[in-house]
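The values are calculated or read from the model by the stated rules, or taken from the named source; none is laboratory data. Predicted model, so just to flag it, every value in this text is computed and none were measured. With ideal geometry, Cβ positions are generated from the backbone for all residues, glycine too; neighbour counts draw on all protein chains shown. Surface accessibility is based on the protein's heavy atoms, side chains included, excluding ligands, DNA and RNA. Shrake-Rupley method; radii C 1.70, N 1.55, O 1.52, S 1.80 Å.
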Amino acid sequence: MRGKPQAQRDFLTVVNLNAAVPANHPLRAIKRHVDTVLQKLSPLFDDLYADEGRGSIPPEQLLKARVLTALYSVRSERLFCEQLGYNLLWLWFLDREYSEGSFNHSVFSKNYQRVLSADVAKLFFAEVYDLSRQAGWTSDEHFTADGTLIESWASLKSFTRKDGADARKIRAAKDEDPGNPTVNFHGEKRCNDTHQSTTDPDSVLYKKASGREAKLCFGAHLLMENRHGLCADFTLHNPIREPEPVMALRQLDAHAELHPGINAKTLGADKNYHQKSLVNGCRAREIIPHVACKTGVKVPGLDGRTTRQASYAVSQRIRKRVEEIIGWIKTVGGLRRSRYRGLERTQAWGYFVAGTYNLVRLARLGAAA
């Protein structure tokens with residue numbers, strides 16, 4: 001006999017969100033780690049808010065929402081608020097009752113501006129990494145460096161002359177089509193010395209390699225520890241003024257200063273780091289440069305006495321895992337292109353995405369152990 005659907009009637013029930021989430025769900029381990037980090041950051045939140053006035057969205061829920069946004073590849077705050085209303089798993093993760101429902105997307109975005117700062121995001125990332133150190137999952141001696149590019153939230157049409165010579169051309173194009181003006185820059189030479197993006201002035205016109213197209217972007221540099229492939233640092237920079245070898249040395253110094261007990265002994269990297277500045281900088285810090293060598297290029301301080309060692313082969317094998325971090329950050333974390341304007345807000349979002357990657361790794365390592 002054919003069954004017939006019946007319209008669902010209104011009913012009253014009691015929903016236990018904690019019981020609705022399976023005991024072996026991966027988010028349970030992530031939630032425990034996030035709650036530990038937020039408990040340490042609680043004094044900082046007290047300084048960010050006034051003692052009087054109407055209560056706002058708890059900062060703990062705002063930061064947990066950042067983790068969910070990166071973990072589930074949510075493309076905007078508006079979409080997150082929409083899905084939160086009917087997603088029991090997210091409500092449980094944020095410690096919200098089912099009757100509370102979701103947030104108002106406009107209030108939600110305005111509250112983000114208070115906690116979405118580079119300082120708060122960096123502290124969150126550092127505390128997550130400290131959890132991995134306390135659990136013994138990280139190495140304090142062996143690291144890998146690599147860089148990539150993050151596209152900015154700006155189009156090439158916004159890359160105009162700094163002296164305003166293109167203003168008339170752009171104004172005429174907007175009069176013809178205000179929504180999507182057609183601006184013809186064919187045959188013109190545009191470079192960062194004479195041009196700048198009006199949408200995001202912090203971005204630069206840059207290409208990763210010869211033969212590739214140039215894009216408005218930021219440079220992103222990663223430092224990975226070699227024991228379990230956790231992200232030790234994630235820094236955005238100007239790829240023209242601050243090349244990757246300079247950023248690698250800077251991150252090593254900052255990482256040792258932020259986390260006492262770090263004593264780097266080796267640094268693995270690809271052929272782009274086979275430069276005199278990096279090798280000399282590593283030797284000055286008593287760090288062995290395990291850098292892939294370019295054919296026919298000799299750099300003092302890196303020869304067969306280093307490349308013939310077994311540890312060099314191990315570093316060259318492990319350094320490929322840094323590409324896994326970059327791939328996760330760009331695909332799952334949604335940081336292939338920035339969703340914010342400016343280097344500071346993009347850097348803050350980058351810290352949350354990299355911290356979420358470490359949280360996922362911690363949950364998997366704990367489950368395997």
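Structure notes:
- Unmet requirement for Arg78, which otherwise passes all of (1) open to solvent by 40 Å² or more (accessible area, probe 1.4 Å); (2) over 30 Å from His274 (Cα atoms); (3) not in a helix (DSSP H, G or I): (3)
- Residues of segment 280-310 classified as farther than 23 Å from Asp233 by Cα and in a helix (DSSP H, G or I), total: 5
- Residue in segment 36-50 that is of a type in the set (D, E, K, R), open to solvent by 20 Å² or more (accessible area, probe 1.4 Å) and at pLDDT below 90 present: yes
- Screening Glu257, Glu286 for residues that are over 27 Å from the mean Cα position of the chain (by Cα) and among the charged types (D, E, K, R) leaves exactly one candidate, Glu286.
- Candidates Gly327, Gly334, Gly366, Gly261, filtered to the one that is touching a residue at least 60 places away in the same chain (Cβ under 8 Å), of a type outside the set (A, V, I, L, M), part of a helix (DSSP H, G or I) and surrounded by fewer than 23 Cβ atoms within 10 Å (Cβ to Cβ): Gly366
- Looking across Lys189, Lys157, one residue alone is over 30 Å from the mean Cα position of the chain (by Cα), open to solvent by 70 Å² or more (accessible area, probe 1.4 Å) and not acidic (Asp, Glu). It is Lys189.
- Some residue of segment 129-143 being aliphatic (A, V, I, L, M), within 30 Å of Thr266 (Cα to Cα) and at pLDDT 85 or above: yes
- Every pair of residues 6+ apart whose Cβ atoms lie under 8 Å, when the first sits in segment 73-84 and is without any contact (Cβ under 8 Å) to a residue 40 or more places away in the chain while the second is open to solvent by 60 Å² or more (accessible area, probe 1.4 Å) and in a loop (DSSP other than H, G, I, E, B): Cys81/Asn104
- Any hit, segment 291-310, residues being under 26 Å from Ser152 (Cα atoms) and open to solvent by 30 Å² or more (accessible area, probe 1.4 Å): no
- Listed conditions (1) among the β-branched types (Val, Ile, Thr); (2) part of a loop (DSSP other than H, G, I, E, B); (3) under 18 Å from the mean Cα position of the chain (by Cα) are all met by Thr235, apart from (2).
- Scanning segment 91-110 for residues that are surrounded by fewer than 19 Cβ atoms within 10 Å (Cβ to Cβ) and either modelled with pLDDT under 80 or assigned to a helix (DSSP H, G or I) (or both) turns up Tyr98, Ser99, Glu100, His105, Ser106, Val107, Ser109, Lys110.
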